[in-house]
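This report concerns only the one structure given below.
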Amino acid sequence: MAIAQAMCTSFKQELLVGTHNFTNSSGNTFKLALYAESSGGKSSTTATLGATTTAFTTTGEVASSGTYATGGGSLTNVTPTTSGTTAFTDFADLSFTTATITAMGALIYNSSASNKAVCVLDFTSNKTSTSGTFTIQFPTADASNAIIRIA
């Protein structure tokens, strides 16, 4: 599987035409799906995720387990803000319970807008849970660390 950390190129263009709304209470629904090495996914075909990813795909997605289901989980948005010359947004941490998962990366996508891709997260190594809790811990929501920053 090839997973490369990136803000998707299509997402950058879609921002300029108003496709995505990250506002917490009235914005779009964003989800996070997990991806595994080919032997750990529900698909025998490996996924290629990176800057050229344009939409959610089930190719290479981890198998449903515990509270993880196809398509992943819904994220809780942190309403965008600014600090200095940087605009940023983030999400609350996301957990899947009673799950047996091995994941190498994730895709954040906008399920309100035809599952359009936002960004790819590369874990750099397999992360696992065995009949336990698999947690995605997002960085601090600030201009230097937030998961989505525009400087």
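Stokes-Einstein diffusion of the chain at 25 °C, 0.890 mPa s viscosity, Kirkwood radius from Cα pairs, rounded to a whole number: 158 µm²/s. Given a 1.4 Å probe and the protein chains as shown, Ser25 ends up with an accessible area of around 110 Å². Estimated at 0.36 nm per residue, the fully extended path between Gln13 and Ala55 surpasses their Cα-Cα distance by 13.8 nm. Using only side-chain charges placed at the Cβ, +1 for Lys and Arg and -1 for Asp and Glu, the dipole size of the chain relative to its Cα centre rounds to 160 debye.
Coupling constants for the stretch 82-96 follow from the phi torsions by the Karplus curve (6.51 cos²θ - 1.76 cosθ + 1.60, θ = phi - 60°), and in residue order they are 10, 8, x, 9, 10, 9, 8, 9, 7, 9, 6, 3, 10, 10, 10 Hz; glycine and proline get x. At R0 = 41 Å, how high is the FRET efficiency between Thr100 and Asn28 if r is their beta carbon distance? Nearest 0.05 is fine. Computed FRET efficiency for Thr100 and Asn28 comes out at 0.85. Amide H to amide H distances under 5 Å link Phe91 with Val78, Ile147, where only residues 5 or more positions off or on other chains count and H is placed in the peptide plane.
Only protein heavy atoms count here; under a 1.4 Å probe, Lys127 has an accessible surface of about 90 Å². Less than 5 angstrom separates the built amide H of Asn24 from those of Thr79, all sequence-distant by 5 or more or on a different chain. Only helices enter the 222 nm calculation for the chain: every DSSP H run of n ≥ 4 contributes -39,500 (n - 2.57), and dividing by all residues gives -1500 deg cm²/dmol, rounded to 500. Mean-square fluctuations from a GNM of the chain, with a 10 angstrom spring cutoff on Cα atoms, peak among Leu107, Leu34, Leu75 at Leu75. When each of the peptides 136-142, 55-61, 15-21 is scored by how many other beta carbons lie within 10 Å of its residues on average, the order from highest to lowest is 55-61, 136-142, 15-21.
The values are calculated or read from the model by the stated rules, or taken from the named source; none is laboratory data. Please read all numbers here as calculations on a predicted model, not as lab measurements. So basically every Cβ, Gly included, is an ideal-geometry build from the backbone, and we count neighbours across all protein chains shown. For accessibility, only protein heavy atoms count, side chains too; no ligands or nucleic acids. Shrake-Rupley method; radii C 1.70, N 1.55, O 1.52, S 1.80 Å.
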